[in-house]
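**Q** For reference, the structure I am asking about is given below.
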Amino acid sequence: MNDEPSREPTTQELMSDFTKKAPDLLKQVLGQLRDLNVEQSRAIRDLGFDPFDLSDMNPQGAGAFPGIGSSSTPTQPGQSDQGEVAPAQVATTGQPTPPAIEAKPAKTLEEALAEMDELIGLDSVKSEIHRQSAILRIQGLRQKAGLKDPTVTRHLVFVGNPGTGKTTMGRLVGDIYRALGLLSKGHLIEVDRSELVAGYLGQTAIKTAEVVEKAAGGVLFIDEAYALAGDQYGQESINTLVKEMEDRRGDLVVIVAGYPVPMAKFIAENPGLESRFRTTIIFPDYTDDELVEIFTSLASKADFDLPEDTIRAFKAQLALQIRDETFGNGRYARNVFEAAIGKMAWRLKDVEEPSLEQLRAILPEDVAPEPGPRPVVPEMVEES
């Protein structure tokens, strides 16, 4: 009979046991996460590799799990297991080189145009993009046949109020131009002044060039581009942009977007831009019917039901909105929908087991505006 008292395992023994079990535990957790969402799985397939696949992981290797393995110091990005910066990952500036933009899965021209045509509203915009696509397609075929052809600029000006689909259309332009063979990747990089202009002269040119480098092969979308006007820093960015557009004219499309009047003035006052931005596409505000369609489409795609009373309540709120530059258009419909989800959740907070019908239904009170303070109306005083 062994009368020796049982002893607690040492820290080293516990860590060794965890090292053996950790990969299987992590595989189970990541496997569950991967299966939760079909769209996530599609995105993983688009990467070309599976970040959840741990089959090649050596749990004893340094950095496999922080604090476990041959080194007690966690390996940082850009470092080897000795803590040294890997030379291949360092740019000439001494900073880690950002990962290259991978080309998106290619779509055929028919697929890209069909996806655009499925968007709600924007009929005049779609028509102009179809026209541009036809012009650029024939230009490419003429060049391929050895025929002379005038240069047609591919850069675009998008003007319209917020929420009218300018960024969405910019992404589709990338797909369409790639299908036409005009772009190698077709991705979209969206920026504004703050991401192009630095705090000192000389640095802005470098910053703008770096942004263009990321956009190379795709679309550089500059929101409220006229914010670059008016000072020497913005002018330095514009000058750099014009040069980069010329140097990369075979594999870069630039779209400048914003309100109509300041955009027209901005282009006119910069000759280098005026000669390159010859096509302006106007994005109209959505009609009430189109906004209702957007609202119902958002609900349908998210597995929510909208009774007729709810749709009428949304229309009533829509009728009260002032349609000026501050109105969000499609963004307004999305904001109301997302707020309605929150109100529905609060409405069901005391229901222990909501039915499927309750979990799907957005009711009229869910789209009602938040109660606010009533305006103070001064009392009328009779004149004596």
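Bear in mind these aren't lab numbers, they're just calculated from the coordinates by the rules spelled out. Not measured: the values here are computed from a predicted model. Virtual Cβ from ideal backbone geometry, glycine too; neighbours counted across all protein chains shown.
**Q** Cα-Cα over 18 Å: which of 207/243; 185/207; 126/148; 107/214; 126/185?
**A** As for pairs spanning more than 18 Å Cα to Cα, those are 185/207; 126/148; 107/214; 126/185.
**Q** For residue 183, enumerate residues with amide H under 5 Å from its amide H, sequence gap 5+ or separate chain, H modeled in the peptide plane.
**A** For residue 183, whose amide H was placed from the backbone, the distant partners under 5 Å are 178.
**Q** Just want the ordering: 197, 367, from fewest to most Cβ atoms lying within 10 Å of their own Cβ.
**A** Details: 197 19, 367 25.
Final ranking by Cβ density, sparse to dense: 197, 367.
**Q** How many nm separate the modelled label positions at residue 264 and residue 123, each set 7 Å beyond the Cα in the direction of the Cβ?
**A** Placing both labels 7 Å along Cα→Cβ, they lie 2.4 nm apart.
**Q** OK, next. Using Cα-only point scatterers and the Debye equation, what is log10 of I(q)/I(0) for segment 237-384 at each q in 0.20 Å⁻¹, rounded to two decimals?
**A** -1.17
**Q** So if I take the centroid of the Cα atoms in segment 323-343 and the same for segment 175-242, what is the distance between those two points in Å?
**A** 29
**Q** Under the rule of at least 5 residues apart or a separate chain, name every residue whose amide H is placed under 5 Å from the amide H of residue 305.
**A** 361, 362
**Q** List the residues whose amide H sits under 5 Å from the amide H of residue 198, counting only those 5 or more places along or on another chain, with H placed 1.01 Å from N in the peptide plane.
**A** Amide H neighbours of residue 198: 204.
**Q** To make sure I understand, if each residue's beta carbon is the centre and we count other beta carbons within 10 Å, what order do 259, 177 fall in, fewest to most?
**A** So the residues, fewest neighbours to most, are 259, 177.
**Q** Let me ask another. Extending each Cα 7 Å along its Cβ direction at residue 325 and residue 246, get the distance between those two points in nm, one decimal.
**A** That separation, rounded to one decimal, is 3.3 nm.
**Q** Provide the gained length on full extension for the span residue 144 to residue 305, in nm with one decimal, where the gain is 0.36 nm per separating residue minus the Cα-Cα distance.
**A** 52.7 nm
**Q** Got a sec? How would 111, 244 order by Cβ neighbour count within 10 Å, fewest to most?
**A** Values: 111 13, 244 21.
With the fewest neighbours first, 111, 244 line up as 111, 244.
**Q** Okay, moving on. For segment 245-292, run through the trypsin sites (Lys or Arg not before Pro) and keep only the ones in DSSP coil with at most 15 other Cβ atoms within 10 Å of their Cβ.
**A** Loop-located and lightly packed - 249, 278.
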